[in-house]
Number of protein chains: 2
Amino acid sequence: MGSLPVQDRKANVLVIGSGGVGTMAAYALEKGGKAEVTAVLRSNFEAVEESGFDIKSIDHGPDPILGWRPTYIRNTIPNVEKEARCSGGVSQPYDFIVVTTKNLADIPPSVASLIAPAVTPGRTSIALLQNGLNIEQPIIKAFPHSPVISGVPYIGAIENPPGTITHVNHDKLVISPFYNENISRERSENAAKELQQAYGLCTSVTCVYESRVEEARWRKLLYNASYNTTAAILGMDTSRMRASEFIIDDLVRPAMKEIQATAHAVSGVNLSDDMIEAIIRADNYKAFFRPSMLQDMVKGKFIELENILGEPLREAERAGVYTPTLKVIYSLLKGLQFKTKESKGLVKVPASGEGLKYGKKWGE
Amino acid sequence: MGSLPVQDRKANVLVIGSGGVGTMAAYALEKGGKAEVTAVLRSNFEAVEESGFDIKSIDHGPDPILGWRPTYIRNTIPNVEKEARCSGGVSQPYDFIVVTTKNLADIPPSVASLIAPAVTPGRTSIALLQNGLNIEQPIIKAFPHSPVISGVPYIGAIENPPGTITHVNHDKLVISPFYNENISRERSENAAKELQQAYGLCTSVTCVYESRVEEARWRKLLYNASYNTTAAILGMDTSRMRASEFIIDDLVRPAMKEIQATAHAVSGVNLSDDMIEAIIRADNYKAFFRPSMLQDMVKGKFIELENILGEPLREAERAGVYTPTLKVIYSLLKGLQFKTKESKGLVKVPASGEGLKYGKKWGE
């Protein structure tokens, strides 16, 4: 926010990725009354332009919200330099860019290149409402003088069909600063606190500020690196996994214990055994919940592999933590991602083994 | 064969499981001229009764073999006691029962109970042309005075549609005795040698006798415990796995190295690194081969999980060999088998978590 405190005017917020998480974030920010949201829509732009969002929400009910629109919608990332120039310099920079797209480090375009045209360097704060580890690093590198904010969303919200949101779990968002040596701790913290206040003014959601970013990120990884990944490989909801017992005992808990050990060694974060046991049983059994990575897999979409498993594993290796379960799960998911890449034309499998490392017989 | 040497008359052989492997075994045995085969057919009985087998074979070509039938076909396991009694005691006992069904230790009926009605105790030798480890143990327990024979088939033969066999890889069968403390080594060896001779009389196939059963079994596990299992989880042919490189480096080779270490510790069998590298590149790259476990998985069939992974893992644990890759692969496949069991009604997943170990919230 630079020199303009948020209390004096509405914050100018660009929300990128207006699926379930993005739309509910846009809704909470606008409802709080201190933010004016521009939402960048993709596949749902036409539907929302025509008739707005229809939202059935556990937090904002009981009646469905019909035909809701954020202040502005658009179907491209704004180019603040060009668009400001075109309109005579009156375009206002974005105070916050809130990114709620999937974070796919192994699939172009990167988040940094995607948002670049909308960033006013030194002015815009960039909030990543995304899962996983080390997601801030490429953003800090690309925008060294912008505060970068961590948002760890605990929300179950799905868009289907385009423009229709079903929000089934209470919206709890944990906001923290990603510290960055190029800007002061105070500036990082203030940016995060301002976003937390704007979001938290919507009293039907929970938005908390934590000064240490690591704990929230590792805590969420307990679920995402274990249940989410295993469900994606098995094509199985979490209730069936629990009913089997052995999937919990032999895969889910061992994966969580490896995250627990890594979090302690890498970040000094203590995730208790009780927390693990609670997360094992956290989903509503009767809902037969299918985690997001499984849903993406079934739809032939890319999965958030590198931030959820690749980075924790690389951190574990640097810290000398032994993670045999996660390693195998990671390699298998990387294999499944390879298939998705092939189906989308990002990799090509040669018809002949000629020139491939493993293409010829041994000794040939 | 007891007191009747095989050279004096044709051996009376019952082949159970007349898919690709079973039909080609029946064909080789009959073609050798020293065996009279009764084949037990299931889903293909009607087709074969009507018009015989059509076989396109790499070994028995070049022309397709049309309308071939073994000496006898039937669609039930013979009950030698009852059937002999019915026909006035003239039914001849089976010298050999050759079992080529899948070996599904975790799915009833067991091989022992399946073949029991056809076994004449003390007279019939039982040959298991099946993959994996410790498959002989329940057979020896059920028929302590019958020689049990190991057959490790290297053959690519598929039946599709019923009665039509496509045989694409040279038939090489490794036969060995499974030793058994209740009968002499000589008797075990003679039974195995007799079967090997009868099979080997068919000169277009290769049938070798090895007195040590362990090496052939562990050697074949190099492929089956690594490629076969990983392909089944990923839904991926072995050429794509090789094209990716990382699937070989991070999954297939590590799995093979764990089998190598276990084979050495448990059975004193040396499987060389060169053998591993050769098996990694053994499939014809251009064929984009889909291993049998993957084919079963795609068809919703049960997979041979316990003999191919469960038993090697239990042996490794007893011997103190560390097998982190195989363990995770095993648990995932067990999860996939759980889904198949549910789809076939063998397990039921409760709609409510009531009474389940992981059904309730933590602390409730």
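The values are calculated or read from the model by the stated rules, or taken from the named source; none is laboratory data. Predicted model only: the values in this text are computed from it and were never measured. Cβ sites come from the backbone with ideal geometry, for glycine too, and all protein chains shown count toward neighbours.
Where residues in segment B:13-25 are at pLDDT 95 or above and under 19 Å from B:VAL119 (Cβ atoms), which of them is surrounded by the fewest Cβ atoms within 10 Å (Cβ to Cβ)? Let's see the steps before the verdict.
Step one: filter segment B:13-25 for residues at pLDDT 95 or above, giving B:13-16, B:22-25.
Restricting the remaining residues to those that are under 19 Å from B:VAL119 (Cβ atoms) gives B:13-16, B:22, B:25.
Working: B:VAL13: 27, B:LEU14: 26, B:VAL15: 28, B:ILE16: 23, B:GLY22: 26, B:ALA25: 32.
So, considering only residues that are at pLDDT 95 or above and under 19 Å from B:VAL119 (Cβ atoms), the one surrounded by the fewest Cβ atoms within 10 Å (Cβ to Cβ) is B:ILE16.
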Quiz item: Taking A:ALA261 and the conditions (1) part of a helix (DSSP H, G or I); (2) in contact with a helix residue (DSSP H, G or I) (Cβ under 7 Å, 6 or more places away or on another chain); (3) over 15 Å from A:MET241 (Cα atoms), which numbered condition does it fall short on, given that it satisfies the others?
Solution: (2)
Quiz item: Could you give every pair whose Cβ atoms fall below 7 Å, whose first residue belongs to segment A:303-315 and is in the same structural domain as A:ASN131 (by TED's automatic domain parsing), and whose second residue is at pLDDT 95 or above and of a type in the set (Lys, Arg), counting only separations of at least 6 or pairs across chains?
Solution: none
Practice problem: Among what's in segment A:264-273 and is within 23 Å of the chain's Cα centre (by Cα) and either closer than 15 Å to B:GLY335 by Cα or in a helix (DSSP H, G or I) (or both), pick the residue that is farthest from the other protein chains (Cβ to nearest Cβ). | Solution: A:SER267
Quiz item: Just wondering, is there one or more residues in segment A:185-192 that are out of contact with any Asp or Glu (no Cβ under 9 Å at 6 or more places or on another chain), farther than 18 Å from A:VAL21 by Cβ, assigned to a loop (DSSP other than H, G, I, E, B) and not aromatic (Phe, Trp, Tyr)?
Solution: no
Quiz item: When you scan segment B:28-76, how many residues do you find that are part of a helix (DSSP H, G or I), surrounded by fewer than 17 Cβ atoms within 10 Å (Cβ to Cβ) and under 21 Å from the mean Cα position of the chain (by Cα)?
Solution: 0
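Residues to consider are A:GLY320, A:GLY355; find the one that is on the phi > 0 side of the Ramachandran plot and not assigned by TED's automatic domain parsing to the domain that holds A:MET256. So that I can check it myself, show each step before the final result.
Numbers: A:GLY320 fails: not assigned by TED's automatic domain parsing to the domain that holds A:MET256.
Only one candidate qualifies: A:GLY355.
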Quiz prompt | Hits in segment B:5-34 - residues which are at negative phi and among the small types (Gly, Ala, Ser) | solution = B:ALA11, B:SER18, B:GLY19, B:GLY20, B:GLY22, B:ALA25, B:ALA26, B:ALA28, B:GLY32
Quiz item: Between residues in segment A:267-279 that are under 21 Å from A:ARG314 (Cβ atoms) and residues that are not in a helix (DSSP H, G or I), which pairs lie under 9 Å by C-beta distance while being six or more apart or on different chains?
Solution: A:SER267/A:ARG212; A:VAL269/A:ARG212
Self-check item: From the options B:PRO153, B:PRO144, residue that is surrounded by fewer than 17 Cβ atoms within 10 Å (Cβ to Cβ), more than 19 Å from B:ALA11 (Cα to Cα) and either outside the structural domain of B:ASP296 (by TED's automatic domain parsing) or without any contact (Cβ under 8 Å) to a residue 24 or more places away in the chain (or both)
Solution: B:PRO144
Quiz item: In segment A:211-238, how many are more than 16 Å from the chain's Cα centre (by Cα) and either buried (at least 21 other Cβ atoms within 10 Å of the Cβ) or among the hydrophobic types (A, V, I, L, M, F, W, C) (or both)?
Solution: 9
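Yes/no per residue for (1) among the polar types (S, T, N, Q); (2) within 30 Å of A:GLY363 (Cα to Cα); (3) modelled with pLDDT of 95 or more:
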{"residue": "B:GLY235", "(1), (2), (3)": "no, yes, yes"}
{"residue": "B:ALA255", "(1), (2), (3)": "no, yes, yes"}
{"residue": "B:SER267", "(1), (2), (3)": "yes, yes, yes"}
{"residue": "B:ASP274", "(1), (2), (3)": "no, yes, yes"}
{"residue": "B:ARG318", "(1), (2), (3)": "no, no, yes"}
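Would you mind finding the one in A:ILE183, A:ILE158 that is closer than 20 Å to A:LYS102 by Cβ and assigned by TED's automatic domain parsing to the domain that holds A:PHE53? Before you say what the answer is, go through the steps one by one.
Numbers: A:ILE183 fails: closer than 20 Å to A:LYS102 by Cβ.
One residue alone meets the criteria, A:ILE158.
Closer than 24 Å to A:SER146 by Cβ, modelled with pLDDT of 95 or more and charged (D, E, K, R): is that true of A:GLU46 in this structure? Don't jump to the end; show me each part of the working.
Details: closer than 24 Å to A:SER146 by Cβ: no; modelled with pLDDT of 95 or more: yes; charged (D, E, K, R): yes.
So A:GLU46 does not fit the description; no.
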Self-check item: Of the criteria (1) farther than 30 Å from A:ALA232 by Cβ; (2) touching a Gly at 6+ places or on another chain (Cβ under 6 Å); (3) of a type outside the set (Phe, Trp, Tyr); (4) outside the structural domain of B:LYS172 (by TED's automatic domain parsing), which one B:LEU201 fails
Solution: (4)
